[in-house]
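S.K.: Next up is a structure, given as structure tokens.
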Amino acid sequence: MTDDVRETLSSAVLRVTDALEIFLGGDRSDALLRRDEWLKRLDGPLPAGGIGDGVLGELEDVVIPNGTRLSEPGFWGWITAGPGTVSVAASLAATVASPQRYTITAFNHLEELSLDWLGELCGLSPVMKGVYSSGGSVANLVALGAARQWALEQHGVDASADGVRGMQTAVYCSREAHHTILRSAGVLGLGRRNVRVVDTDEHQRLDVAKLEAALLNDQSDGVIPICVVATAGTTNTGAIDPLSACGELAQRFGAWYHVDGAYGLPGILDSRVSSLYEGLELADSVIVDPHKWLGAPVGIAATFVRDRSILHRTFTQEPADYLEGSFGDPDDLRVSLDSMGVPYADFGVELSAPARGVVVWSILRELGRDGVTKRIEHDNNLARHVAKLAHENENLEVLAEPILSICCFRYVNNAVSDLDSLNAHVLRRLVQETPYLPSGTVVNGHFGLRPCFINFRSEVGHVEGMMKAVVRIGDDLASRKTP
Ligand SMILES: Cc1ncc(COP(=O)(O)O)c(C=O)c1O
């Protein structure tokens, strides 16, 4: 049997990439406006007979033109953006030529090499070794799994084999930590309610005195501290927790120390803020997401730990005949289908997984450390430019001074009492009427706009356009007194 497709791979891919070029370059309207149209073309029962390469036409005409706006230069929502060209090409290459990461291929060699490069880029010690997974959520889960295993081993319990045996445990993070920390605790049987959510200071950084108080309190109650989580670049504002102080407390209380750098770890490359990362060397685990600030396609995060044997103890699947028997003796490799030797599948929760290393490698080869640094600095500059323009305008207020590439701000006007509602409406109109697409958040109780600059297509002109649009829409809403 062969595919029911007459096209060669290159002609099929060319059709798709031509449509993608038009999609990226075009002056397109929002997919929602055409929703009835594309739903009508796409919905329907399971086809009894296939249409062969007619599906390429449907991709070209219906699916691709109605994609998302994440690649537009004015997209600054959440912490995501469209990927770069080289990394898309690398991802496609891996999909075709090395679709699994356990055999011996050039792609899979790049798994380990790129992890080492990525760790070095982000200031990690060479002893820290990594494993890729699909995103920050899973990367945090992997790290917290290691934390649970290690912490309970100190009490003679193999949590992976025997569960947590009703032991009273706690995980510590700030209230600005990503909510996947809580979910990880839930999934790992530690319990979301056993996460001590510690207050932050006025700069949205974990309050170390309150962390110490929580640890002392639990100590006197006989609760086992599993893990202290610090965030290097919070999702809301880009704040960097006091990494040294958190690490020292973790050590003092015998807890694992995890640093969530899913977004912000590459920020260490900007010399203006690199000192804020002091203490990173104390971490037992660190995560970073290449699909955030490095511009990789969605689906790539990395967890680094000091000693991957802890990951093996946490995530081992136990030997399986259908896998083990298939590979030759590691000291007598004969074919590329033998095992590449690093049991990534036992270092996390995925067995089948794409070769993600080639994508990260392609970005680091394309840009080098200097190119990545320039991008990080450029993005941090854009956030600082937002702050500057906001400070210069009496109708704008900075809610959190940028540390990395996020600047939260809001529209203010004495004539309006409910500024939260006004700003929520400013955001709605901004994303509906303009090419500027930040998201929103709440900082110190105030709703504001939250542009996060990780999009390599964004320039100063786009930022200035957004600021003007915010003032124009804000003035308009304020003058009508009804948002
Ligand atoms: C600090 C932090 N950790 C974890 C995550 C989760 O990452 P993902 O969306 O890749 O699962 C995010 C997402 O924005 C994040 O900002």
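The values are calculated or read from the model by the stated rules, or taken from the named source; none is laboratory data. Remember, predicted model here, so these are calculated numbers, not experimental data. No Cβ is skipped: glycine too gets one built from the backbone with ideal geometry, and neighbour counts run over all protein chains shown. These accessible areas exclude ligands, DNA and RNA; they are computed on the full protein's heavy atoms, side chains included. Shrake-Rupley method; radii C 1.70, N 1.55, O 1.52, S 1.80 Å.
S.K.: Using Cα-only point scatterers and the Debye equation, what is log10 of I(q)/I(0) for region 1-119 at each q in 0.13, 0.20 Å⁻¹, rounded to two decimals?
M.R.: -0.76, -1.24
S.K.: Same structure, new question: If r is the Cβ-Cβ distance from Val55 to Asp331 and R0 is 51 Å, what FRET efficiency results, to the nearest 0.05?
M.R.: With R0 = 51 Å, the Cβ-Cβ based efficiency is 0.65.
S.K.: Report, ordered by chain and residue number, the lysines lying within cross-link reach of Lys468, taken as a straight Cα distance under 23 Å and ignoring same-chain residues fewer than 8 apart.
M.R.: Excluding near neighbours in sequence, the set is Lys388, Lys481.
S.K.: Sort 417-425, 467-475 for me by packing, meaning the mean count of neighbouring Cβ atoms within 10 Å per residue, highest on top.
M.R.: Result, highest mean first: 467-475, 417-425.
S.K.: Given region 88-364 reduced to its alpha-carbon atoms as identical point scatterers, what log10 I(q)/I(0) does the Debye formula return at q = 0.09, 0.16 Å⁻¹?
M.R.: -0.41, -1.19
S.K.: Continuing with this model, one more query. Starting from the Kirkwood radius over alpha-carbon pairs of region 369-480, derive D by Stokes-Einstein at 37 °C in a medium of 0.692 mPa s and give it in µm² s⁻¹.
M.R.: The calculation lands on 233 µm²/s.
S.K.: Let me ask something else. Indicate, rounded to the nearest 5 percent, the antiparallel portion of the DSSP beta bridges found entirely in the chain.
M.R.: 55
S.K.: Now a separate question. At a 1.4 Å probe, what is the % contribution of carbon and sulfur to the accessible area of region 88-364?
M.R.: 53
S.K.: Under a point spin-label approximation (7 Å from Cα along Cα-to-Cβ), what is the Glu21-His179 distance to one decimal in nm?
M.R.: Placing both labels 7 Å beyond Cα along the Cβ direction yields 4.2 nm.
S.K.: Further, regarding this structure: Treating the Cα atoms of region 124-253 as identical point scatterers in vacuum, please give the log10 of the normalised Debye intensity I(q)/I(0) at q = 0.22 Å⁻¹, two decimals.
M.R.: With one equal scatterer per Cα and no solvent, log10 I(q)/I(0) is -1.47.
S.K.: Let me understand the chain better: what is its radius of gyration from the alpha carbons, and its Dmax, in angstrom?
M.R.: 24.3, 78
S.K.: While we're looking at this one, here's another question. In square angstrom, what is the accessible area per residue of region 274-353 with a 1.4 angstrom probe?
M.R.: Dividing the accessible area of region 274-353 by its residue count gives 48 Å².
S.K.: Starting from the Cα coordinates of region 32-72, work out the convex hull volume and express it per residue in Å³.
M.R.: Dividing the Cα hull volume of region 32-72 by its residue count gives 80 Å³.
S.K.: Another one. Between Ser421 and Val96, what is the label-point separation in nm under the 7 Å Cα-to-beta-carbon projection?
M.R.: Taking the simple label geometry, Val96 and Ser421 are separated by 5.6 nm.
S.K.: Okay, next question. Taking the Cβ of Asp158 as the center, what net charge do the other residues with Cβ under 12 Å away carry, scoring Lys and Arg +1 and Asp and Glu -1?
M.R.: With Lys, Arg at +1 and Asp, Glu at -1, the net is +1.
S.K.: OK, next. Report the GluC sites (Glu not before Pro) located in region 153-240 that are in a DSSP loop and have at most 16 other Cβ atoms inside 10 Å of their Cβ, or state none.
M.R.: Counting only loop positions with at most 16 other Cβ atoms within 10 Å, the GluC sites (Glu not before Pro) in region 153-240 are Glu202.
S.K.: Please compute, for the alpha-carbon atoms of region 197-346, the extent along each of the three principal axes and give them in descending order in Å.
M.R.: 59, 42, 22
S.K.: Another question about this same structure. Would you kindly calculate the mean projected area, averaged across all directions, of the convex hull enclosing the Cα atoms of region 383-428, in square nanometres?
M.R.: 3.3
S.K.: Here's another thing I want to ask about it. With a probe of 1.4 Å, find how much accessible area region 13-103 has per residue, and write the answer as a whole number in Å².
M.R.: It amounts to 60 Å² per residue over region 13-103.
S.K.: Leaving out ligands, DNA and RNA, and with a 1.4 Å probe, what % of the accessible surface on region 369-480 is carbon or sulfur?
M.R.: 48
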